[in-house]
Every structure is written in C-alpha cells, then in structure tokens.
Amino acid sequence: METKNEVEFLNYHHLRYFWAVAREGSLRRASEILKVSQPSMSTQIRLLEEALGEDLFRHSGRNLSMTEFGQLVYGYADEIFNLGGEILRATKQTPVARVLRLNVGIVDSFPKLVSHKILQPLLQHDPPVRLTCHEGKLTELVAQLGTHRLDVVLSDEPASPGVNGRLFNHPLGSSRVTFCATPQLAATLKGRFPRNLHEAPALLPTENCTLRRDLEKWFRHAGITPHVVGEFEDAAMAKVIASNGLGVIAIPSIVEDEACKHYGLVSIGRTRQIESQFYAITAERRFTHPAIQAITGKPKPKSGF
C-alpha cells in the first residue's frame, strides 16, 4: 500500500497581493500599483487565507484593517520581499555590497544621546547597515518585535519575558546620574549638592519612567523636595527646555559632556545612588541579525559604552 507524502507550498503571488494591500492600506491602490483587478486580488487573498487557516484582514466600514495574525504574516512578507528586492539589485550591480536593514524601536524615555552612542558602531559596520528608527511606548514597540516589524528595541527598563512571545533582555550597561542646569540658574541655587536641589525648579521624567521612580525614592531618602515645573517623556525635549534656564534636569553621566556642550549646561552635582540601566530587547528568531550582534555581543563597562 502506497502512502503519498503531502508537501505544502506557499503561493508567493498570493502573498505579494496581501503584502501590497497591507502596505498600501487599500485594495484599490494596491491593484493600481500591481495592475491587477480588485476582484482578482480579493480572490487571491482569500485563497491565501484558506491556505493559512486564518483571516488576514477584517472589514471596518469601507476600510480594511489587518488582524493580529495578518500583522504577523505581514512582518514575514515584508522581510521576504525586501530581501527579494536586494537580490535583484545585487544581480544588476557589480561589484555590490550587501546592505543590512535594521529596524530599531527606541522607547520615548530613552536618552537620545545614549541611543546615539549605542548605534554609532553600526554607522561603520561592514557590510553597511541601513537604520530605520521608530519611537514609542515599550508595550507598543515590543508588540512590533513579535510581528517582526522591528528587529530590536532600546529601552531603559527590561521587557517582561511573558509578553508577546519569548523575549530576551540584553543588558547594554548602566550609568550614574548627573544633575545639570544653565550657569545662570546654577548660580541661584543655595547650598551644596544635594541640598541645592531642595525647592529648585526641576524638569523631571514623567511618572511612568523608571528614572522618575528612582529619583523620587532618592529625593525622599535625602529629604529633598524640588519644585517640579515640568514633566517630559522625551528626554531631548527636557534638555531643550533646560537650556532656556527653566529648570534642573537629571541625565545619565555618560552623556554629561555632550549634553553640557550641546545645550549650554553645567553640572551641579552627581549621585552614585541612582543608576540608569539600558537594554536591547529582541524576540526569538531563527537567525541573529549581525548588526544586533554588533550591539549586544561585547560586554559593556559600567557607566559607559
């Protein structure tokens, strides 16, 4: 008695139609780009859904929106067709250097100068790396890791391993904290550090940030009550406001020199009792991106990169 081995193949024409509709956000626009009728594309996408066993889109009025499963498939499709484009470019150019794509998510509370230090080695990477950076909340960015729309997320706090599949937190280093202000504001502060922070105008991270919680704990322990004049998720915005003399800010000591030079600030004191931690978060993949290895592969010294 013979047994027939059933081999499943993915129809990449169907996948391309789905990818085009998901990317354009419209069946009409995708059909115009691919020069295929809308009814034909709808039929091909339905066949893909039947082959995969789940819906890729849901109807929202006259619009189409991807299901959670559709977002997962889109992440894979995006990689497949971007790599296909690279293959075509490679065969038409000699000699050619392969360009690696790296999609980076950066938590909005993550210091911009620190992210620059972390990503700087990739600017001299061989083969070249094309960086695409996105900002957002940790939960949003981690969700995009799960759908492979992002390759790595830079964060000032670790992600929960139980959320959105298997995640890995790669420690990148840590830094003590320096308090800075304009020279004019610093001259008005009374007492020695840290007493000069008491009732001083302060520009703090928002309460959902790890650094804010650490600062609050330190303030209570030191018996200090600053006058909070502003709260910011974006650390770069806080530096801009501080450069106008409106308040004291707390920054990672590893970027103190750059921040003071760029924004015209001076240090008014440092503490060893608060440390900012930095992480690269990745999702489980079959292959490790070589650019991510360049970021996470080498142990980082404490208080520096």
>> How many angstrom lie between the Cα centre of the range 63-77 and the Cα centre of the range 191-214?
In response: 43
>> For the chain, compute the orientation-averaged projected area of the C-alpha convex hull (one quarter of its surface), in nm².
In response: 23.1
> Can you give the helix-only mean residue ellipticity at 222 nm for the chain, where every DSSP H stretch with n ≥ 4 adds -39500 (n - 2.57) and the sum goes over all residues, rounded to the nearest 500 deg cm²/dmol?
Replying inline: -12000 deg cm²/dmol
>> Checking the a/c ratio against 1.5 first, then a/b against b/c, what shape does the Cα gyration tensor give for the range 176-275?
In response: rounded
>> What is the sum of charges, Lys and Arg at +1 and Asp and Glu at -1, for the other residues whose Cβ falls under 12 Å from the Cβ of ASP108?
In response: -3
>> Could you list TYR17, TYR76 so that the one with the fewest beta carbons within 10 Å of its beta carbon is first and the one with the most is last?
In response: TYR76, TYR17
> For THR206 and LEU52, what is the calculated FRET efficiency with R₀ set at 41 Å and r taken between the beta-carbons, to the nearest 0.05?
Replying inline: 0.50
> Hey, with R₀ at 30 Å, roughly what FRET efficiency would HIS125 and PHE69 work out to, going by the Cβ-Cβ distance, to 0.05?
Replying inline: 0.30
> Want the number for GLU284 to ILE33: 0.36 nm per residue separation, take away the alpha-carbon distance, what's left?
Replying inline: 87.0 nm
> Exposure proxy check: LEU203, LEU27, LEU10 ranked by fewest other beta carbons within 10 Å?
Replying inline: LEU10, LEU27, LEU203
> Taking K and R as +1 and D and E as -1, what net charge do the other residues with C-beta under 9 Å from the C-beta of ASP78 add up to?
Replying inline: +1
>> Shape verdict for the range 173-228, please, from the Cα gyration tensor: rounded (a/c under 1.5), prolate (a/b greater than b/c) or oblate.
In response: prolate
> Hey, fewest Cβ within 10 Å first, where do CYS209, CYS260 land in order?
Replying inline: CYS260, CYS209
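The numbers here are math on the coordinates, done by the rules we state, and not lab data. Just so it is clear, the structure is predicted and the values come from calculations on it, not from any experiment. Heads up, the Cβs are rebuilt from the backbone with ideal geometry, glycines too, and the neighbour counts pull from every protein chain shown.
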